[in-house]
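The values are calculated or read from the model by the stated rules, or taken from the named source; none is laboratory data. As the structure is a computational prediction, the values presented were derived from the model and not from experiment. Note that we place each Cβ from the backbone using ideal geometry, even for glycine, and neighbour counts take in every protein chain shown. Side chains included, ligands, DNA and RNA excluded: accessible areas come from the protein's heavy atoms. Shrake-Rupley method; radii C 1.70, N 1.55, O 1.52, S 1.80 Å.
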Amino acid sequence: KSYIPADLLGLPGLGNFLPVERSRLVGPRVRLVLDQLDHVLYPRSGYYLFAENETSLQGGGSGYSESHVKGLWATSIGSHSFNFGVEAGGDFGMSENAQPAGFYLGGFQRLSAYPPDQFAGNYVLFARAAYLHPLKSFDSPPFRDLFLGLSAEAGNVWIKENQFGHGPYRQSYSAFLGVTSSFGPLYIGLAGAPSVFSVYFQLGRPF
């Protein structure tokens with residue numbers, strides 16, 4: 001156990017020092033990334049796959065295996081584009097109190113109607129279907145292409161391993177305008193879920 005000065009945390013009045021638990025885990029990490037999308041922001045064809053597994057070799061009940069997989073497949077018919085994304089992950093064999101939850105949902109295109117990272121857990125399942133249609137191309141920077149998008153999203157997170165995969169699943173639906181630019185993609189839209197409605201602005205890639 002080590003200690004960190006409380007004033008460095010901006011927490012005066014709690015004494016000179018606060019205890020901090022530290023631990024070190026050793027184990028291999030394997031990652032696979034395949035990116036065959038024709039466009040990173042506005043894909044009309046191709047696929048993307050990310051898979052990672054990290055295994056702790058630590059003894060004494062501290063061992064675990066964290067697996068995380070997500071993928072995106074895109075196709076188009078004329079000017080109409082469709083993409084489908086899935087994600088699954090979990091900290092298997094780990095106590096739910098061993099470390100902070102490592103998977104999050106909420107925010108644009110990850111249950112858009114909810115605030116970013118509102119839902120946290122040790123296990124996640126998520127799926128999304130999106131439709132994109134170009135509206136206008138700009139001849140000069142910084143803006144390039146304007147498009148309309150619709151999405152339907154469903155998923156959830158869980159704390160305990162024996163709850164993983166059990167419903168109910170949260171749902172969200174959105175309509176948005178997106179524009180590619182020299183400083184990244186911009187999105188503005190409306191999103192709704194049962195008893196929830198939000199307006200959002202997003203700068204950056206959502207998946």
### Message
Being touching a residue at least 40 places away in the same chain (Cβ under 8 Å), open to solvent by 20 Å² or more (accessible area, probe 1.4 Å) and touching a helix residue (DSSP H, G or I) at 6+ places or on another chain (Cβ under 7 Å) is the requirement here; does PHE84 meet it?
### Response
no
### Query
Given the conditions (1) closer than 18 Å to VAL69 by Cβ; (2) in contact (Cβ under 8 Å) with a residue 40 or more places away in the chain, and given that GLY89 satisfies all but one, which numbered condition is not satisfied?
(2)
### Task
Give the residues of the stretch 187-207 that are surrounded by 15 or more Cβ atoms within 10 Å (Cβ to Cβ) and among the charged types (D, E, K, R), sorted by residue number.
none
### Query
So which residues in the stretch 101-135 are part of a strand (DSSP E or B) and either of a type in the set (Lys, Arg) or free of Cβ contacts under 8 Å to residues at least 12 places away in the same chain (or both)?
ARG128
### Message
Taking the conditions exactly as written (of a type in the set (Gly, Ala, Ser), modelled with pLDDT under 95, open to solvent by less than 50 Å² (accessible area, probe 1.4 Å) and closer than 21 Å to TYR123 by Cβ), does GLY165 satisfy them or not?
### Response
yes
### Message
Can you tell me which residue is least open to solvent (accessible area, probe 1.4 Å) among those in the stretch 122-146 that are among the hydrophobic types (A, V, I, L, M, F, W, C) and more than 22 Å from the chain's Cα centre (by Cα)?
### Response
LEU146
### Task
Could you grab me the full set of residues in the stretch 65-81 that are open to solvent by 50 Å² or more (accessible area, probe 1.4 Å), without any contact (Cβ under 8 Å) to a residue 40 or more places away in the chain and in a strand (DSSP E or B)?
VAL69, TRP73, ILE77
### Query
Does the stretch 177-186 contain any residue that is over 12 Å from the mean Cα position of the chain (by Cα), farther than 24 Å from TYR47 by Cα and either crowded, with 20+ Cβ neighbours inside 10 Å or among the β-branched types (Val, Ile, Thr) (or both)?
no
### Those residues of the stretch 96-133 which are of a type in the set (D, E, K, R) and either at pLDDT 95 or above or out of contact with any Leu (no Cβ under 9 Å at 6 or more places or on another chain) (or both), in sequence order
GLU96, ARG110, ARG128
